[in-house]
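Asks: Before anything else, here's the structure in question.
Every read-out reported here was derived from the displayed coordinates using simple, explicitly stated rules and does not represent laboratory data. These numbers were taken from a predicted model, which means no experiment stands behind them. Neighbour counts run over all protein chains shown; Cβ positions are idealised from the backbone, glycine included.
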Amino acid sequence: VIAETKDMERVMVSGVAYSKNDARVTIKKVPDKPGVASQIFEPIFKSGIVVDMIVQNTSEDGLTDMTFTVPQSDFYKTMKLVSGVAGKIGAEKVIGDEGVAKVSIIGVGMRSHAGVAQKMFAALAKENINIMMISTSEIKVSCVIEEKYTELAVRVLHEAFGLDDEKKANQ
């Protein structure tokens, strides 16, 4: 079992995945205090809407921005729910974007190799693909990008990690 684990970890990235069915919601200038995140997400969860990525910026002057993704099919419902909460909590405004996609690199070996995320970011930057959000775990790095760049992003990530040619895989 140990030899198998070491072999598996040598393969940094074993695949690239994408989702074109996402939308992004940003709440600007949210009061940075206990309970606010719960107030924002409670009506969303009670409505059965699945939230994927959540990013909260560092607080500045007691205010922060919170951005998250939901399925495109729930975008308008989410915007309505969040707009109602934003007024109650004193947030400045709610901005939404239906034209986003999520691209991810996946691999067990990422946890033992430094620089995998940077290699992903560099590959996207080389093609002028802007990263709007980033999420990481032990086995996955995901980026939210403009939906129109999805196919290009998948192609360049396959190339960057050698998934387009098994001989040069993960060099």
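Asks: Modelled label-to-label distance, Lys46 and Ile139, 7 Å Cα→beta-carbon offset: nm?
Replies: Modelled inter-label distance: 3.5 nm.
Asks: While we're here: In whole Hz, with x marking every Gly and Pro, tabulate ³J(HN,Hα) for region 48-63 from phi via Karplus 6.51 cos²θ - 1.76 cosθ + 1.60, θ = phi - 60°.
Replies: These are the phi-based 3J(HN,Hα) values: x, 8, 8, 9, 9, 8, 10, 10, 10, 6, 5, 5, 10, 6, x, 10 Hz.
Asks: Rounded to the nearest 5, what is the percent of antiparallel bridges among the DSSP beta bridges in the chain? Let's see the in-between values first.
Replies: Values: 34 of 34 bridges.
Counting only bridges with both partners in the chain, antiparallel ones make up about 100 percent.
Asks: With r as the distance between the Cβ atoms of Asn21 and Glu60 and R0 = 25 Å, compute the FRET efficiency 1/(1 + (r/R0)^6) and round to 0.05.
Replies: 0.15
Asks: Take every Cα-Cα pair in the chain and report what % of them are more than 25 Å apart.
Replies: Working: 6026 of 14535 pairs.
The share of Cα pairs beyond 25 Å in the chain comes to 41 percent.
Asks: Counting alpha carbon pairs within less than 8 Å and at least 6 residues apart, what relative contact order, in whole percent, applies to region 21-98?
Replies: Values: 137 pairs, mean separation 38.8, N = 78.
After rounding, I find 50 percent.
Asks: Full extension from Ala117 to Tyr76: what is 0.36 nm times the residue separation minus their Cα-Cα distance, to one decimal in nm? Don't skip to the end; give the middle numbers.
Replies: Working: separation 41, 0.36 × 41 = 14.76 nm, distance 3.21 nm.
Length gained between Ala117 and Tyr76: 11.6 nm.
Asks: Okay, next question. Between region 46-69 and region 83-127, what is the separation of their alpha carbon centroids in Å?
Replies: 12 Å
Asks: Divide the volume of the convex hull of the Cα atoms of region 21-98 by its number of residues and quote the answer in cubic angstrom per residue.
Replies: On the way: hull volume 5.9 nm³, N = 78.
About 75 Å³ per residue, rounded to a whole number.
Asks: Give me a comma-separated list of calculated 3J(HN,Hα) values for region 68-77, in order, Karplus coefficients 6.51, -1.76, 1.60 applied at θ = phi - 60°, integers in Hz, x for any Gly or Pro.
Replies: For region 68-77, the Karplus curve yields 8, 10, 9, x, 4, 5, 9, 4, 5, 5 Hz.
Asks: Calculated from DSSP H runs of 4 or more alone, at -39500 (n - 2.57) each and per residue, what is the 222 nm mean residue ellipticity of the chain, nearest 500?
Replies: On the way: 5 runs with 57 residues, N = 171.
Helix contribution divided over all residues of the chain: -10000 deg cm²/dmol.
Asks: Provide the net charge surrounding Met53, with neighbours chosen by a C-beta distance below 10 Å and charges set as Lys +1, Arg +1, Asp -1, Glu -1. Provide the component values of the computation, followed by the final result.
Replies: On the way: positive: Arg24, Lys102; negative: Asp22, Asp52.
The answer is 0.
Asks: Please give the FRET efficiency for Ala37 paired with Glu98, using the beta carbon to beta carbon distance and R0 = 30 Å, rounded to the nearest 0.05.
Replies: On the way: r = 23 Å, r/R0 = 0.77.
Computed FRET efficiency for Ala37 and Glu98 comes out at 0.80.
Asks: How large are Rg and Dmax for region 79-148 when calculated on the C-alpha trace, in angstrom?
Replies: Rg then Dmax for region 79-148, in Å: 16.1, 45.
Asks: Compute a Gaussian network model of the chain, connecting alpha carbons closer than 10 Å, and tell me which residue from Ser38, Ser104, Ser47 fluctuates the most.
Replies: Ser38
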